[in-house]
Amino acid sequence: MIRFIHDIHVEKASQGQPAISFEFFPPKTEEGDRNLLEKTLPELLHVRPSYCSVTYGAGGGTREKTISIVDRIQREHGLTTMMHLTCVNATRAELQSVIDDARRRGIRNILALRG
């Protein structure tokens, strides 16, 4: 079940436990994608992270890759994932398009960054 990051932190704090997360950047190659999603992530799941996040290239350079990886982590591994969204040099329409795409894919956690 994909949860809101805020709720995860509140729950962990009420239990006196830290929220543990990992941050990934979108790999540049298909081999890197496979390594992340088929090797690295399954190994890290043994640590039982609370959630993870995926970065977004400056100026939106990895937009589609970021959304795709977040979508796959959530669908294939069931881990709550936060998508970074760089807002600099993006129009309102471009940002709305990204947010709409994320919503369609069930991405509930977005970290909007200025740059």
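We did not get these values from a lab; they are worked out from the coordinates using the rules stated. This structure is a prediction, so every number in the text was calculated from the model and none was measured. Counting neighbours? That spans all protein chains shown, and the Cβs are built from the backbone with ideal geometry, glycine included.
Overall, the chain carries a charge dipole of about 240 debye about its Cα centre when +1 sits on the Cβ of Lys and Arg and -1 on the Cβ of Asp and Glu, all other atoms neutral.
Close amide-amide hydrogen proximity is noted between residue 110 and 83, each under 5 Å apart and 5 or more residues distant or on a separate chain (H modeled in the peptide plane; Pro and chain starts excluded).
Under a Gaussian network description of the chain, with springs only between Cα atoms under 10 Å, the residue in 27, 49, 18 that fluctuates furthest is 18. What is the Cα centroid distance between region 61-90 and region 1-32, reported in whole angstrom? First find each Cα centre; the distance between them is then 13 Å. Note that region 80-87 has calculated 3J(HN,Hα) couplings of 4, 9, 9, 9, 7, 9, 7, 9 Hz, one per residue in order, obtained from phi through the Karplus relation 6.51 cos²θ - 1.76 cosθ + 1.60 (θ = phi - 60°); glycine and proline are x. With K and R counted +1 and D and E -1, the other residues having a Cβ less than 12 Å from that of residue 35 yield a net charge of -2. Selection among 79, 36, 111 by position relative to the dipole of the chain gives 111 as farthest towards the positive end (Cβ unit charges, Cα centre). Among 50, 21, 97, the residue with the largest mean-square fluctuation in a Gaussian network model of the chain, with springs joining Cα atoms closer than 10 Å, is 97.
At 222 nm, what helix-only mean residue ellipticity would the chain give, in deg cm²/dmol to the nearest 500, using -39500 (n - 2.57) for each DSSP H run of four or more?
Details: 5 runs with 42 residues, N = 115.
One gets -10000 deg cm²/dmol as the mean residue ellipticity at 222 nm.
Helix 92-104 and the longest principal axis of the Cα set of the chain meet at an angle near 40°. Cross-link reach is defined here as a Cα-Cα straight distance under 20 Å, omitting same-chain residues fewer than 8 places apart; for residue 28 the lysines meeting it are 39, 65. The C-alpha atoms of the chain define a longest principal axis, and helix 63-72 lies at about 30 degrees to it. A simple packing score, the average count of other Cβ atoms within 10 Å per residue, orders the peptides 28-34, 83-89 as 83-89, 28-34, with the highest score first.
Applying 1/(1 + (r/R0)^6) with R0 = 25 Å to the Cβ-Cβ distance of residue 2 and residue 90 gives a FRET efficiency near 0.50.
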